[in-house]
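Heads up, the thing below is written out as structure tokens.
The values are calculated or read from the model by the stated rules, or taken from the named source; none is laboratory data. Remember, it's a predicted structure, so these values are computed and weren't measured experimentally. FYI the Cβ positions are ideal-geometry reconstructions off the backbone, even for glycines, and counts take in every protein chain you see.
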Amino acid sequence: MEIGLKEFNETLDALEKGQLRVAEKVDGVWKVNTHVKEVILAGFKLGAVKEMSQGQFSYFDKETFPVRQFSAQDGVRIVPGGSSIRRGAYLAPGSIVMPPAYVNVGAYVGEGTMVDSHVTIGSCAQVGKRIHISASTQIGGVLEPAGALPTIIEDDAFVGGNCGIYEGTIVEEGAVIASGVIITSSTAIFDATTGEFIRRNADGRIVVPKGAVVVSGSKPIVRDGKALESGVHLYCPVIVKYRDAKTAGSIHLEDLLR
């Protein structure tokens, strides 16, 4: 069935109001709304490239994807300094965007979440409530294929600066990702509390467990031979512990600073 401009506009309006989401948790499992992504993709065919410059900033994009406009009634703080939120993205009341930052189409940002300076939140990424996405971090996006689940950061997680969370990774509720951690679908995370690696699940994605505290680490590239003798290691995120009262207290400082 062909997707027309009317359905496209109605779908993006619903996304911006939080009435519709690209992905939702159903009975404890994240599910992608494939048709919503198909509608977003159709928008690139439905629109022609148009100049949409504002002030000193020049924009040339598909006319179906202008920069989103906000009012004070939306309850979102967008601090001056060059941030851009694309049409079809949802920012909940109480969320904060520090400059410069970018939030792409189909993304969802929950209540009380801070999108810090130089953060990019990719297309369709789902970011929950009460999260701090720290400076210079990238939350990867995905539009194609339409059935692909986007990157997801669940409620009350904390993502440090200069992190990269990509390729449909799920960071579960309350997890803490320390500064500089990179996670992709091919990243094996070592759980130092169990001595086991957390590898891709049946859906081919990495899931950071609830309350896990993840830091950057390394592992030997091989067990023997010249590489072992040279001391060469590969990057490897490490779960050093699971969130406790002390960790929660340090994260709570973020609320006091707002």
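Data table
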{"quantity": "Scan of segment 92-114 for residues that are under 24 Å from Thr64 (Cβ atoms) and touching a residue at least 24 places away in the same chain (Cβ under 8 Å), ordered by number", "calculated": "Ala92, Asn104, Val105, Gly106, Ala107, Tyr108"}
{"quantity": "Residues (free of Cβ contacts under 8 Å to residues at least 24 places away in the same chain and either part of a loop (DSSP other than H, G, I, E, B) or in contact with a Pro (Cβ under 9 Å, 6 or more places away or on another chain) (or both)) located in segment 193-220", "calculated": "Thr194, Gly195, Arg199, Arg200, Asn201, Ala202"}
{"quantity": "Looking only at segment 78-93, and only at residues there that are of a type outside the set (A, V, I, L, M, F, W, C) and surrounded by fewer than 16 Cβ atoms within 10 Å (Cβ to Cβ), the one that is farthest from Gly161 (Cα to Cα)", "calculated": "Pro93"}
{"quantity": "Enumeration of residues in segment 102-124 that are part of a loop (DSSP other than H, G, I, E, B) and either closer than 12 Å to Leu91 by Cα or charged (D, E, K, R) (or both)", "calculated": "Asn104, Val105, Gly106, Ala107, Gly110, Glu111, Gly112, Thr113, Asp116"}
{"quantity": "Answer residue from segment 212-256, given it is over 16 Å from Asp156 (Cβ atoms) and acidic (Asp, Glu) and is modelled with the lowest pLDDT among those", "calculated": "Asp224"}
{"quantity": "Flag for Gly147 being surrounded by fewer than 15 Cβ atoms within 10 Å (Cβ to Cβ), out of contact with any strand residue (DSSP E or B) (no Cβ under 7 Å at 6 or more places or on another chain) and over 30 Å from Pro99 (Cβ atoms)", "calculated": "no"}
{"quantity": "In segment 27-66, residue surrounded by the most Cβ atoms within 10 Å (Cβ to Cβ) [restricted to those that are hydrophobic (A, V, I, L, M, F, W, C) and modelled with pLDDT under 90]", "calculated": "Met52"}
{"quantity": "Residues satisfying the stated conditions in segment 178-197, i.e. over 18 Å from the mean Cα position of the chain (by Cα) and at pLDDT 95 or above", "calculated": "Ile189, Phe190, Asp191, Ala192, Thr193, Thr194, Gly195, Glu196, Phe197"}
